[in-house]
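These notes concern the structure reproduced below.
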Amino acid sequence: MKGIMLAVAVLALSLSLTAVHAQEQCIDANQHYLQMNYQTFDQSVDGGWRAVADKEGCQLAAADLIHQYTNAKSDLSEGDTKTLNWHEGQLRATAGQSQRAIALFEQTYKPTERDIAGWNYYVDATIAFIQQDKAKLLQSRETLADVKMPEGLNMTNADGKPVEIEWPMNLDIVDSFIACFGASYKEAYSGKCGGD
């Protein structure tokens, strides 16, 4: 019995050291992630957590980094916190941590009166896809598709220049969830399922 317990302890230590080694391979020791402002950490396409997530096998390290950042920053706005929760949830869903992803996604719902773009329906559809609830996914898609663009809505990029958007937003992703139903979140979100 002692031999089995020792073997289990050695295996646990080995797995723990492997996780630490993987974390070291993913995280750039020269970057001070927790000192970055929100814009740099979350919105930079080639910096912050995205630079970590872009490395092969580093999605969970990036998710953990977002978690640490969110908990370390007491000055984040509610919207910034929800965005970080969403991105952490996406990374966890990509890595197969479905229940943790759903819990994070549920934290991103907006008050109904402030949800002019149908965000909550997109959240519903995402959770339905992960839970493999096709009826709820199809209902969420139908509700999202009915969202009308508010009059006078002008979207701009970070430089303040007007950008055209497909409306309703995220409908293309929900359609991919439907087309890829039964595939992994990673495959469905990328639109590459079924050998495409």
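The values are calculated or read from the model by the stated rules, or taken from the named source; none is laboratory data. Because the structure is predicted, anything quoted here is derived from the model rather than measured. Glycine also receives a Cβ, built like all others from the backbone with ideal geometry; neighbour counts cover every protein chain displayed. For accessibility, only protein heavy atoms count, side chains too; no ligands or nucleic acids. Shrake-Rupley method; radii C 1.70, N 1.55, O 1.52, S 1.80 Å.
The figures follow:
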| item | result |
| --- | --- |
| Which listed residue, of TYR189, TYR185, is under 30 Å from GLN39 (Cβ atoms), open to solvent by 60 Å² or more (accessible area, probe 1.4 Å) and aromatic (Phe, Trp, Tyr) | TYR189 |
| All positions within the range 68-94 that are without any contact (Cβ under 8 Å) to a residue 60 or more places away in the chain, open to solvent by 20 Å² or more (accessible area, probe 1.4 Å) and within 18 Å of ILE173 (Cα to Cα) | THR83, HIS87 |
| From the options LYS110, LYS82, residue that is in a helix (DSSP H, G or I), under 25 Å from ASP146 (Cβ atoms) and either in contact with an Asp or Glu (Cβ under 7 Å, 6 or more places away or on another chain) or modelled with pLDDT of 95 or more (or both) | LYS82 |
| Selection within the range 120-132 - open to solvent by 10 Å² or more (accessible area, probe 1.4 Å), in contact (Cβ under 8 Å) with a residue 12 or more places away in the chain and not acidic (Asp, Glu) | TYR121, ILE130, GLN131, GLN132 |
| Residues (assigned to a loop (DSSP other than H, G, I, E, B), open to solvent by less than 60 Å² (accessible area, probe 1.4 Å) and of a type outside the set (Val, Ile, Thr)) located in the range 137-154 | PRO150, LEU153 |
